[in-house]
1. When you scan segment B:191-200, do you find a residue that is within 17 Å of the chain's Cα centre (by Cα) and more than 14 Å from every other protein chain (Cβ to nearest Cβ), even just one?
2. Answer yes if at least one residue in segment A:91-114 is away from chain B (no Cβ under 14 Å) and touching an Asp or Glu at 6+ places or on another chain (Cβ under 8 Å), and no otherwise.
3. B:Ile208 is checked against (1) more than 24 Å from A:Thr86 (Cα to Cα); (2) surrounded by fewer than 24 Cβ atoms within 10 Å (Cβ to Cβ) and fails just one. What number does that condition carry?
4. Any residue at all in segment B:96-116 that is of a type outside the set (D, E, K, R), free of Cβ contacts under 8 Å to residues at least 40 places away in the same chain and at the interface with chain A (Cβ under 9 Å from one of its Cβ atoms)?
5. Restricting attention to segment A:19-34, does a residue exist that is within 18 Å of the chain's Cα centre (by Cα) and at the interface with another protein chain (Cβ under 10 Å from one of its Cβ atoms)?
6. Which ones in segment A:46-68 are surrounded by fewer than 20 Cβ atoms within 10 Å (Cβ to Cβ) and either within 14 Å of chain B (Cβ to nearest Cβ) or farther than 22 Å from A:Val122 by Cα (or both)?
7. Under 30 Å from B:Asn248 (Cβ atoms) and either buried (at least 17 other Cβ atoms within 10 Å of the Cβ) or among the acidic types (Asp, Glu) (or both), is that true of B:Glu180?
Amino acid sequence: MTTEYNKPLPRLVNEAVSRPFWDAAKRHELVMPRCLNCSNMFFYPREQCPNCYSDNTEWVPVSGKGRVYSYTVVYQPANRAFQEETPYIFAIVQLNEGPRIPTNLLECEIDGVELEMPVEVVFDDVTDDVTLVKFKPA
Amino acid sequence: MTLMDRRRRSDTLRGKVAIVGIGEVPTRRVIPDRTMYGLNAEAAKIAIADAGLRKEDINGLVTDGAAALATMAEYIGIRPTFATGVSMQGASGASATTVAASAINGGLADTVLVVMGNSRLDRAVPGGASVRSEWEEAYGPAAGAGTGYAQIYTRHMYEFGTTQEQMAIVAANQRFNAQENENAVFHGQPASKEDVLSSRYINYPLRILESVMPCDGAAALIMTRADRAKSFPHRPVYLLGAGMEQSNANIWQTDRITTTPVKTSAARAFQMSGYGPGDMQFAEFYDCYTILVAVTLEDAGFVEKGEIGPFYESTDTTYKGSFPINTDGGQLSGGQPGLAGGFRHVIEGARQIMGRGGGRQVALNDLCMVNG
């Protein structure tokens, strides 16, 4: 339930830049910014393409499939709201399309993670307004 | 070496400046009733006296980029002709030392105070949105800066077969060194490799004894022109080479997380100095977590990439050993008083070269590499 969620929600750096990502997540769609000038797909979203500095960018749907680039198992979280969840997996997933994204791995034992193992996106509707992008073994 | 290389070196900082005084406020978990500026002023006072100077002799100041320079100068009671702040996280101390050298070499100041310190009670509450607040915090990152370093660690184990047992040696050897350092927060608290391996996880694969503890403290040094340095009380510590590279703010944005900016910065420092990794007699390397000492030693060229685990198994890196590393215990055993934690690596390198290491003095103390 919305009222019971006590963990931090994303605080956006720039609504104008990244709102489409979070709106898509709420629709259970994963989208990434791509540069219309050099075709570079990048993440995190920003005003200009980090490769060619063009501000001519678009949002494109991606497969939601990727691999575990690296991970850590959190026992002592920075924010105590996560204490009841410990130990849990905080991973970097590399999407098949290239960009990397920080995330949690769900439905996976903490000693069952292998680097480069395939994963797929899971949309976690943590409140009525916010959906977090997480992954599980594919 | 070509003629061009020699000429290029003569135009650099090589041998132009020297550290002639050092000061350190002992690092403690909390130093009650003291402000960050007050602790900086105390470290400055110690360093100025150590160099045999009066504060009126100081005409340059380099400090924490987050500090207010005017307030810092006011607390220390100086009116420098050159002052600046450096903000490079853990590399701030080593970078500030390099900036001081450049200022002296450029004629902006003759004698520069470099000072950094931390008061945990004094720290401003962080606020505002950031890349971290948008893309990481909702997924529950670990305490401290451990999330990214643990991911480097996990990736290093995957790519090179590095083990937690090997990384425990890094922490245990530094703890051994800290037993000869009364300023270290873990002085009097020995810990073996087995103790490290049985300590609790902050976040796998990082255990608490592989992670720094936030503390209070401060450190300072005095640097002056090489032609003046011989008239000071201590053996001068000449800067022979320096290099920097600024990396990504977020580790997950880095292409290859097991290689650090030290690959570039160390190569530039060695190029300027005319020396190489094989010439160094000891090293003081930034150590917020065990894995960072490990990967940066690789990147500096002391071993091949991926070979740091076997190196620690076969090499005594204590102050008594064949290649001493982090001879004062480093930050892992000395504590991390903000930017002064990394800066202490510069201080300790200078202290050893001056021959003032006391019970932890290394046998060969002419050439040291420091990394921040």
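1. First, pick out the residues of segment B:191-200 that are within 17 Å of the chain's Cα centre (by Cα): none.
No.
2. At the first step, the residues of segment A:91-114 found to be away from chain B (no Cβ under 14 Å) are A:96-97, A:107.
Those still in the list that are touching an Asp or Glu at 6+ places or on another chain (Cβ under 8 Å) too: none.
No, that holds for no residue.
3. Among (1) more than 24 Å from A:Thr86 (Cα to Cα); (2) surrounded by fewer than 24 Cβ atoms within 10 Å (Cβ to Cβ), the lone unmet condition for B:Ile208 is (1).
4. Here is the first cut: in segment B:96-116, the ones of a type outside the set (D, E, K, R) are B:96-109, B:111-116.
Checking which are free of Cβ contacts under 8 Å to residues at least 40 places away in the same chain leaves us with B:99, B:106-107.
Add one more test, that the residue is at the interface with chain A (Cβ under 9 Å from one of its Cβ atoms), and what stays is none.
Checked against the condition, which is being of a type outside the set (D, E, K, R), free of Cβ contacts under 8 Å to residues at least 40 places away in the same chain and at the interface with chain A (Cβ under 9 Å from one of its Cβ atoms), segment B:96-116 yields no hits at all.
5. Taking every residue of segment A:19-34 in turn, at least one turns out to be within 18 Å of the chain's Cα centre (by Cα) and at the interface with another protein chain (Cβ under 10 Å from one of its Cβ atoms).
6. A:Arg46, A:Glu47, A:Gln48, A:Pro50, A:Asn51, A:Cys52, A:Tyr53, A:Ser54, A:Asp55, A:Asn56, A:Glu58, A:Arg67
7. no
Residues checked against (1) at pLDDT 95 or above; (2) out of contact with any Cys (no Cβ under 8 Å at 6 or more places or on another chain); (3) more than 22 Å from B:Asp50 (Cβ to Cβ); (4) among the small types (Gly, Ala, Ser):
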| residue | (1), (2), (3), (4) |
| --- | --- |
| B:Tyr201 | yes, yes, yes, no |
| B:Met223 | yes, yes, no, no |
| B:Pro236 | yes, yes, no, no |
| B:Gln246 | no, yes, yes, no |
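The values are calculated or read from the model by the stated rules, or taken from the named source; none is laboratory data. Owing to the predicted nature of the structure, the values given are computational and were not obtained by experimental measurement. Here the Cβ is made from the backbone with ideal geometry for all residues, glycine too, and neighbour counts use every protein chain on show.
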